[in-house]
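Following: one structure in structure tokens, then a few remarks.
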Protein chains: 2
Amino acid sequence: MKNEIHNIVMIGAGNVATHLAMAFHDKGKKIVQIYSLHEKDAELLAQKVDATFTTDNKEIILHADLYIIAVNDSAIKDVVNKLHLGNQLVVHTSGSVEMEILSACSTSYGVIYLLQTFTKEHKVDFSHIPFCIEANNKENLQLLRNLAELLTDDVRNISSEQRSIIHLAAVFTCNFTNHMYVLAEEILKKNNIPFDILKPLLMETVMKIKDHDPVEIQTGPAQRNDLLVIEKHLQMLAQFPEYAEIYKLITQSIVNKSQHND
Amino acid sequence: MKNEIHNIVMIGAGNVATHLAMAFHDKGKKIVQIYSLHEKDAELLAQKVDATFTTDNKEIILHADLYIIAVNDSAIKDVVNKLHLGNQLVVHTSGSVEMEILSACSTSYGVIYLLQTFTKEHKVDFSHIPFCIEANNKENLQLLRNLAELLTDDVRNISSEQRSIIHLAAVFTCNFTNHMYVLAEEILKKNNIPFDILKPLLMETVMKIKDHDPVEIQTGPAQRNDLLVIEKHLQMLAQFPEYAEIYKLITQSIVNKSQHND
């Protein structure tokens, strides 16, 4: 039984693969190989972390301590079908795919799910990012915990079921809020008003969340059930029928919530 | 014609009134009086800014340089009907009420709309908050600009029509995003997962907005049109039918937008 992970094969060369490989490399782990169907991405990442790279699954090195599958959810199954690892430890990094999918390629498996949004250019400070880990047994869980603790002070044992709940909540918190910004920008742009005027407001909205329960700090016409303003807004949205529907539905949900809390 | 505002009567004693009165007081302006129907709030604010206070509109001091009506939108008309100012300058602070409503109480009027969300306990740094100003003539606009520039480096001339557009966009950016946090927290709570696990993610989501157009940084299952994950999420939301509707509508809107941009 190994008690430390030294060598890692990274499968994937996208945002998560890149940030993770670089972070482990910085902490002294050896990234031995990058495997990706996208040759240029594989080569680029391999250069960054002093690794070899391949686009041929038959060339994947078989004696590494850990295989990290950091590819799109829909590609995980394809990768698993190409890997025949015996008892080498393999993890994926997905929020919504069950851990058990990995049992087809190894008897040692787990998950490292990073609760963060990554873009390639934007360097990420991992030190407080929640790492949600899961493994098929205690020993593997401890190996993953030791590894994750190199990068972050927030490692949590999270089951596949909990992980998919967290992923769903993250869609609301990250993707859906960003879409609210998209709609706001479009509404402003149609009226020649720059989006930057809203940035201090949206920063403050998030800063408040640091210290407050979101339901306690809700403000605005829906929270006050201010029907005159709501009606005026819906008239202004007549040229954006899709956004008017979103406005109506969220406003009704805020009204329901505020009455429920009274 | 005055060229500087020295004395201010504050009408209202809520969040905006409190933060504005304290900020102008700190900058050496004299807050001569607080008028509010809520005696305790009026007294409390009066103490903070060395002002007198009254709950009787007949006692409102008539010789001040500026009257700031910082009350709920629905109360502005009532206040206007009680004020008979001749040509004293009067402004309101609302995002969605037209400036002209003030013409019933004075021949000099305008708007100071602060694009920020306030809570009483949370001290606000005004220095980069956009102040949207409007006035019935150039001289009054200049008076308001000079006053606003005491507090912020971001003063903008914004018409009533533009202001209501900005207010609508702010509802999406502030109130609706906060409601996404509310829903995420509730989904997590039902599964005994603390909301704090999402905080690094939501902070990073907003930090990216500083340097990127929101439409460029959209991620997640809707952006990838990942129907398997979307279907799984809708099944998980079966116990929250209202949230499932919101999920469907926003997801469809993200899908529409991403296809439109391809």
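Residues considered: B:134, B:121. Of these, the only one that is open to solvent by 20 Å² or more (accessible area, probe 1.4 Å) and modelled with pLDDT of 95 or more is B:134.
Does residue A:140 qualify as being at the interface with chain B (Cβ under 10 Å from one of its Cβ atoms), open to solvent by less than 50 Å² (accessible area, probe 1.4 Å) and at pLDDT 95 or above?
No.
Selection of region A:103-118 for residues being within 12 Å of chain B (Cβ to nearest Cβ), open to solvent by less than 20 Å² (accessible area, probe 1.4 Å) and assigned to a loop (DSSP other than H, G, I, E, B) yields A:115, A:117, A:118. I'd like to check something: does region A:179-187 contain any residue that is open to solvent by 30 Å² or more (accessible area, probe 1.4 Å), more than 7 Å from chain B (Cβ to nearest Cβ), free of Cβ contacts under 8 Å to residues at least 12 places away in the same chain and in a helix (DSSP H, G or I)? For region A:179-187, residues open to solvent by 30 Å² or more (accessible area, probe 1.4 Å), more than 7 Å from chain B (Cβ to nearest Cβ), free of Cβ contacts under 8 Å to residues at least 12 places away in the same chain and in a helix (DSSP H, G or I): absent. Only one of the numbered conditions (1) closer than 22 Å to residue A:234 by Cα; (2) facing chain B (nearest Cβ under 7 Å) is violated by residue A:192, and that is (2). Looking at region B:237-261, which of its residues are open to solvent by less than 40 Å² (accessible area, probe 1.4 Å) and aliphatic (A, V, I, L, M)? Matches in region B:237-261: B:237, B:244, B:246, B:250, B:254, B:255. Looking at region A:197-217, can you tell me whether even one residue there is open to solvent by less than 60 Å² (accessible area, probe 1.4 Å), under 21 Å from residue B:132 (Cβ atoms), over 26 Å from the mean Cα position of the chain (by Cα) and polar (S, T, N, Q)? Scanning region A:197-217 turns up no residue that is open to solvent by less than 60 Å² (accessible area, probe 1.4 Å), under 21 Å from residue B:132 (Cβ atoms), over 26 Å from the mean Cα position of the chain (by Cα) and polar (S, T, N, Q).
Here's the yes/no breakdown for (1) within 7 Å of another protein chain (Cβ to nearest Cβ); (2) within 30 Å of residue A:89 (Cα to Cα); (3) modelled with pLDDT under 95:
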| site | (1), (2), (3) |
| --- | --- |
| A:125 | no, yes, yes |
| A:152 | no, yes, no |
| A:166 | yes, yes, no |
| A:176 | yes, no, no |
| A:209 | yes, no, yes |
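Annotation note: of B:42, B:64, the sole residue that is surrounded by 19 or more Cβ atoms within 10 Å (Cβ to Cβ) and either within 25 Å of the chain's Cα centre (by Cα) or of a type in the set (Asp, Glu) (or both) is B:42.
Residue-by-condition table, conditions (1) outside any loop (DSSP other than H, G, I, E, B); (2) surrounded by fewer than 17 Cβ atoms within 10 Å (Cβ to Cβ); (3) in contact (Cβ under 8 Å) with a residue 40 or more places away in the chain; (4) touching a Lys or Arg at 6+ places or on another chain (Cβ under 6 Å):
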residue	(1), (2), (3), (4)
A:5	no, no, yes, no
A:16	yes, no, yes, no
A:28	no, yes, no, no
A:32	yes, no, no, no
A:68	yes, no, yes, no
A:86	no, yes, no, no
A:96	no, no, yes, no
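The residue that is nearest to the other protein chains (Cβ to nearest Cβ), among those in region B:239-262 that are farther than 19 Å from residue B:215 by Cα, part of a helix (DSSP H, G or I) and touching a residue at least 24 places away in the same chain (Cβ under 8 Å), is B:246. Restricting attention to region A:205-238, the residues being out of contact with any Cys (no Cβ under 8 Å at 6 or more places or on another chain) and part of a helix (DSSP H, G or I) number 22. In this structure, is residue A:152 open to solvent by less than 20 Å² (accessible area, probe 1.4 Å) and not small (Gly, Ala, Ser)? It is true that residue A:152 is open to solvent by less than 20 Å² (accessible area, probe 1.4 Å) and not small (Gly, Ala, Ser).
The values are calculated or read from the model by the stated rules, or taken from the named source; none is laboratory data. Bear in mind that the values here come from a model prediction, so they are computed numbers and not experimental data. Don't worry about glycine lacking a Cβ; one is built from the backbone with ideal geometry, like all the others, and counts go over all protein chains shown. Surface areas here come from the heavy atoms of the whole protein model, side chains and all, with no ligands, DNA or RNA. Shrake-Rupley method; radii C 1.70, N 1.55, O 1.52, S 1.80 Å.
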